[in-house]
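S.K.: Sharing a structure, written as structure tokens. Questions coming.
None of the figures in this text is laboratory data; all of them are computed from the coordinates on show. All values derive from a computational prediction rather than experimental measurement. Note: ideal-geometry Cβ built from the backbone for every residue, glycine included; neighbour counts use all protein chains shown.
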Amino acid sequence: MGDPASSIVKLACRNIWKVYGDNPGQYFNTNQDHVSDPAATLEKIIQGNHIPAAADVSFDVHEGEIFVIMGLSGSGKSTMVRCLSRLVEPTAGEIILGDIDLLKANDEELIEIRRHKMGMVFQSFGLLPHLSVLDNVAFPLKIQNIGEAERRRKAAEMIELVGLSGREDAFPRQLSGGQQQRVGIARSLAVEPELWFLDEPFSALDPLIRRQMQDEFVRLQTMLHKTIVFITHDFLEALKLADRIAIMKDGQVVQIGTPAEIVLNPATSYVAEFTSDVPLVRVITCGSIMVPATQDLDHSIIARPDTTLEELLPGFSGRVEPIPVVSDDELVGMVTPADVLQALAESEAKASQK
């Protein structure tokens, strides 16, 4: 997806803990913003027969960024997205949306924030079976007391956006799984959320439909530039969608970085194992291997700094000349076949040493 669209922090997650048990609050001083020794606190929680579903989790999500949280089952990724939206109450920490401290919002304020600033899509489609596609999409607008004409107009606009024009009067039972999830996406977008949460939205779909929905998601983000927190356990899905990825294990974040950073420089053996099957051509970009342009180049084929080698390689079919790399209509470098081979060889050698 490229670099984050903005350096502006839209959502700040600071030292979030979610502990389950009889008395999780005993481990935290309410007068402190964070615990001074997270490792010791975590050990006490475990020894006290409490369950740390999230342990001292911190990250920022930038405006216009797709921030993917991933990990295996039980890693804490879904707990985190529910803490961010306060569907689950964190035990300790801070969550700042813009200039709003979400954990200090009262029930009435939180309802308004969810209605106007957040959109949510989950693995289960959650459509109302007795309502048509149009009425399902318009439902959150009805909750906001928006007039019927305006909410139907807005709902129709969202339905067109997700490619379901002509199915406005259909009921959920008359739609395929992929179509039902498109309705769920349209419904969550209808309120024009500042922040969009998606918790494994495509994992219940067949592989072909899942790939199509991923493509559709990329198309929508190219148009809308939403700030997104996306949960998945599938690294190839994260690779396709993410600007940055946070990998979780046992309730803790073990690494945050771009897909390329995580694949090429895993912080732990767990991350290395997690990413071991990812083809390097999918993460190495032209920007990371290009050299200065030193000759007149054939511009019949060009690449961008974020073009992956997987996207670039077909351009070398029947061609030995360098491919120019262009950013904002400016020539910034070039990539030769030798550069590609050297990058792949070096990355493979580096990976074999880990």
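S.K.: List the GluC sites (Glu not before Pro) within the stretch 290-354 that DSSP assigns to loop and that have no more than 16 neighbouring Cβ atoms inside 10 Å. List each step's numbers first, then the result.
M.R.: Numbers: sites: Glu310, Glu311, Glu330, Glu346, Glu348; in loops: none.
Sites meeting the loop and neighbour criteria: none at all.
S.K.: Give me the dipole magnitude in Debye, nearest 20, for the chain about the Cα centre, with unit charges on the beta carbon: positive for Lys and Arg, negative for Asp and Glu. Walk me through the numbers before you get to the answer.
M.R.: Values: 32 positive and 50 negative charges, 213 e Å.
So the magnitude is around 1020 debye.
S.K.: Taking only C-alpha pairs under 8 Å that are 6+ residues apart, what is the relative contact order of the stretch 281-352 in percent? Kindly include the intermediate steps, with their values, before the conclusion.
M.R.: Details: 105 pairs, mean separation 25.0, N = 72.
About 35 percent, as a whole number.
S.K.: Follow-up question, since we're still on this one. Using only C-alpha atoms and all pairs of different ones, pull out the Kirkwood radius for the stretch 281-352 in Å with one decimal. Don't skip to the answer; put the middle values down first.
M.R.: Numbers: mean 1/r = 0.0818 Å⁻¹.
Kirkwood radius, the stretch 281-352: 12.2 Å.
S.K.: Further question: Quick one, can you get me the convex hull of the C-alpha atoms of the stretch 167-267 expressed as volume per residue in Å³?
M.R.: Values: hull volume 12.5 nm³, N = 101.
Convex hull of Cα atoms, per residue: 124 Å³.
S.K.: Now for a separate question. Can you give the Rg to Rh ratio for the stretch 1-146, taking only C-alpha atoms and Rh from Kirkwood?
M.R.: Details: Rg = 17.6 Å, Rh = 17.4 Å.
Taking Rh as the inverse mean 1/r over Cα pairs, Rg/Rh reads 1.01.
S.K.: Students often forget the sequence filter, so: which lysines lie under 20 Å Cα-Cα from Lys154 once same-chain residues fewer than 8 apart are removed?
M.R.: Straight-line reach from Lys154, under 20 Å: Lys117, Lys142, Lys226.
S.K.: Calculate the all-directions average of the projected area of the stretch 266-309's alpha-carbon convex hull, and give it in nm². Intermediate results must be reported in sequence, preceding the final value.
M.R.: Working: hull surface 16.4 nm².
Over every viewing direction, the Cα hull of the stretch 266-309 projects on average to 4.1 nm².
S.K.: Run the reach check for Lys44 against lysines, Cα to Cα strictly under 19 Å, same-chain hits fewer than 8 apart removed. What comes back?
M.R.: Cross-link targets: Lys18, Lys249.
S.K.: In whole percent, what relative contact order does the chain give with Cα contacts below 8 Å and a gap of six or more residues? Could you put the intermediate results ahead of the total?
M.R.: Values: 630 pairs, mean separation 64.2, N = 354.
Here the relative contact order equals 18 percent.
S.K.: Tell me what the chain gives for mean residue ellipticity at 222 nm when only DSSP H runs of n ≥ 4 count, each as -39,500 (n - 2.57), the sum divided by the residue total, rounded to 500 deg cm²/dmol.
M.R.: -10500 deg cm²/dmol
S.K.: Percent of Cα-Cα pairs per 10 Å bin, from 0 to the last occupied bin, for the chain, please list those.
M.R.: For the chain, the binned pair fractions read 5, 21, 27, 24, 16, 6, 1, 0 percent.
S.K.: In nm, to one decimal, how far is the modelled label at Glu89 from the one at Ala12, with both set 7 Å along Cα→Cβ?
M.R.: Using points 7 Å along Cα→Cβ, the separation is 2.5 nm.
S.K.: Then there's this: For the pair Ile111 and Gln212, how long in nm is the line joining their label points, each one 7 Å along Cα→Cβ?
M.R.: Inter-label distance under the simple model: 3.9 nm.
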